[in-house]
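Structure first, commentary second.
The values are calculated or read from the model by the stated rules, or taken from the named source; none is laboratory data. All figures in this text were calculated on a predicted structure; none of them were measured in a lab. With ideal geometry, Cβ positions are generated from the backbone for all residues, glycine too; neighbour counts draw on all protein chains shown.
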Amino acid sequence: MSISSRSRTAARPVCCGRRRVVDKTLVAGRIAAVRDATARIRSVLPASVETFLEDRTAREITILNLFVAIQTCIDLASHWLADEGWAVPDTFGAMFISLADHGVIERPLASRLASASGLRNLVAHQYGIVDWRRVHEMASKDLRDLEAFCAALASRIP
C-alpha cells in the first residue's frame, strides 16, 4: 500500500504549535543518495583532467552523479527551510544562503553550494556547452562541500 506524501505529512505529530514536516527517514535516505553519488564519482574519476576528457563514460557518470548530488542537496535545503517555517527562496543558490542566514550552515559553504547549483542548472537546461575541465575540478575538489552540507543537516536531526 502506498501512502502519499500528503498523508505522511498530515499524520505527523504537532510540535511547537505546528506540524513537523521533516521525515528523518526521508532526510537520511537523501543524505545516503548524496553519499552514494559522491562515492560513484570518486570510483570513476581519473586523477588527470586529460584522461577525463578522453573518457566519455567517466564524464557521463560524473556529470550524472554530480547532478543527482547537487539536486538532492537542493531538495534537502528546500525541505529544511519549509520545515522550519522559513521562506523558501525562488532560486536554488539563495536556499543555501538562507540556511546560512539562519545558522544551519556556514556562509562560505553556502556560497560554494550556491555556485554548484549553477552547474545543476547548466546540465538540466543545457544552457551551454559543458566545461569538462570545470566538471573535473568540481568532482576532484568540491564533493566535500556536498558531504559537509549533509553532515551539517544530519547533526541537527533529533
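Points to keep in mind about this one:
- Among the residues of the stretch 35-73, those identified as within 12 Å of the chain's Cα centre (by Cα), aliphatic (A, V, I, L, M) and buried (at least 20 other Cβ atoms within 10 Å of the Cβ) are ALA37, LEU66, ALA69, ILE70.
- Test: residue in the stretch 20-31 that is surrounded by 15 or more Cβ atoms within 10 Å (Cβ to Cβ), closer than 14 Å to VAL135 by Cα and at pLDDT 95 or above: no
- Members of the stretch 79-97 that are touching a residue at least 60 places away in the same chain (Cβ under 8 Å) and either of a type in the set (Asp, Glu) or crowded, with 19+ Cβ neighbours inside 10 Å (or both): TRP80, ASP83
- Scanning the stretch 107-136 for residues that are touching a residue at least 40 places away in the same chain (Cβ under 8 Å) and either more than 20 Å from PHE52 (Cα to Cα) or not basic (Lys, Arg) (or both) yields LEU109, LEU113, ALA116, SER117, LEU119, VAL123, ALA124, VAL130, TRP132, VAL135, HIS136.
- Among the conditions (1) in contact with a Leu (Cβ under 6 Å, 6 or more places away or on another chain); (2) free of Cβ contacts under 8 Å to residues at least 24 places away in the same chain; (3) not basic (Lys, Arg), the only one that ALA69 does not satisfy is (2).
- Tally of residues being of a type in the set (Asp, Glu) and under 18 Å from ARG144 (Cβ atoms) across the stretch 82-124: 1
- Residue in the stretch 100-107 that is assigned to a helix (DSSP H, G or I), buried (at least 16 other Cβ atoms within 10 Å of the Cβ), under 16 Å from the mean Cα position of the chain (by Cα) and modelled with pLDDT of 95 or more present: yes
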